Amino acid sequence: MIHSSPPTDSFAAIRDVDELIRAIDDRNCTPGWVPRAKPLMWASPRSAFVPVHWRYAEIRPALVAAGRVIGTDLAERRNFVLRNPVPGNDFATTNTLVGAYQSILPGERARSHRHSSHAMRIIIESRGSYSVVNGKRHPMETGDIVLTPGGSWHGHGHDGAEQAFWFDCLDLPLVHLLEPMNTEEHPAGWEADAQEDPDSSMRISHESVLQQLARADDTDRLFGRTIDVSSETMRTITIKAHQWKAGWSNQPYRQYANQIYVVLGGSGVSEVGDQRFEWALGDVFVAPLATRVAHTAREDALLVALSDERLMKFCGFHRLEVA
Ligand SMILES: [Fe+2]
């Protein structure tokens, strides 16, 4: 029979709490009762992120300038990342998602790559641009939504005559938190001879969004006429489209989900927390978790809302309440 000697009790001689704290710290343990600069729990949500609004009319000229001053040799994806302006953050738009305005010039190609992060595009202005996703060509026409679930090869091209503009969204902040990062360049550089697949689930055409909205219920006082076009292939990004008539106002709400609104048509005003955003085509604004959100459409409006709602529901954290 083998007898192992018990570990030496180095705490036996400790006589006061300060001595105990110093001793246990050496074992990478922290007493839970010690006050911290940032407590471990608090009474109600305090998002580290703030409500913020980007005006497409201001940023579009910068994308045009980028098309002039930087080529695809140096910036294959010519984009501006929408950074939530809070200390210590250099890219995230919300706690879990990052958005960016991206642009491509006629004749350009952005070579194929893939990454663990789920990604999608909402097309703001385009005639003739396209994404090749897993070898299939997907038109990117104004109002379309194109998906590239994590691990999908994707590259972009443009056969049209005018510069094209879209909004990208990825769950990259979440990937940074959970750390399953992978990226890979396509061995061929570009997926050649891609053919269109009209039945592809990777493209939600503008026409399809409008047709689904026309059949949707419009009695929801908080969100108005809404469809959920989220994909099972990318569960971290909830994708909803809202269609509001001119003059419609919502019952203000608070939701435990981080939202990015992208305006695809019309204009209006939204109060998010203590901010007031007057939005128009192509604008993007953020409603961080638990902020009060009140919308009024000035013109007939179409918005796409991207959020971590489904993730919050999976975790059992989601709440929605009238505010
Ligand atoms: Fe990508």
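Read-outs throughout are calculated quantities, based only on the coordinates presented, and are distinct from any laboratory measurement. Predicted model, so just to flag it, every value in this text is computed and none were measured. Note: ideal-geometry Cβ built from the backbone for every residue, glycine included; neighbour counts use all protein chains shown.
Based on C-alpha pairs under 8 angstrom that are at least 6 apart in sequence, region 81-209 has a relative contact order of 33 percent. Within straight cross-link reach of Lys313, meaning Cα distance under 18 Å, which aspartates and glutamates are found once same-chain residues fewer than 8 apart are removed? Output for Lys313: Asp171, Asp228, Glu232, Glu321. With Cα atoms defining each centre, region 227-278 and region 97-145 are spaced 22 Å apart in the structure.
Is the C-alpha gyration tensor of region 25-103 telling us rounded, prolate or oblate? Criteria: a/c under 1.5 is rounded; beyond that, a/b larger than b/c is prolate, otherwise oblate. Prolate shape, in that a/c is at least 1.5 and a/b is the bigger ratio.
In straight Cα distance, which aspartates and glutamates are under 12 Å from Lys245, not counting same-chain residues fewer than 8 positions off? Reachable aspartates and glutamates: Asp218, Glu299, Asp300.
Look at the alpha carbon pairs under 8 Å that are at least 6 residues apart: their mean separation over the length of region 209-322 gives a relative contact order of 32 percent.
What does the highest-first list of 160-168, 259-267 look like by mean Cβ count within 10 Å? Could the numbers behind the result be given before it?
Values: 160-168: 19.9, 259-267: 21.7.
Averaged packing, sorted descending, gives the order 259-267, 160-168.
Within region 268-309, which residues have the backbone N less than 13 Å from the label spot 7 Å out from Glu162 along Cα→beta-carbon, could you tell me? Counting only backbone N, you get no residues.
Most tightly packed first, judged by the mean number of other beta-carbon atoms within 10 Å of their residues, the peptides 41-53, 110-122, 246-258, 177-189 read 110-122, 246-258, 41-53, 177-189. The distance linking region 70-86 with region 172-221 is 20 Å (Cα centroid to Cα centroid, whole angstrom).
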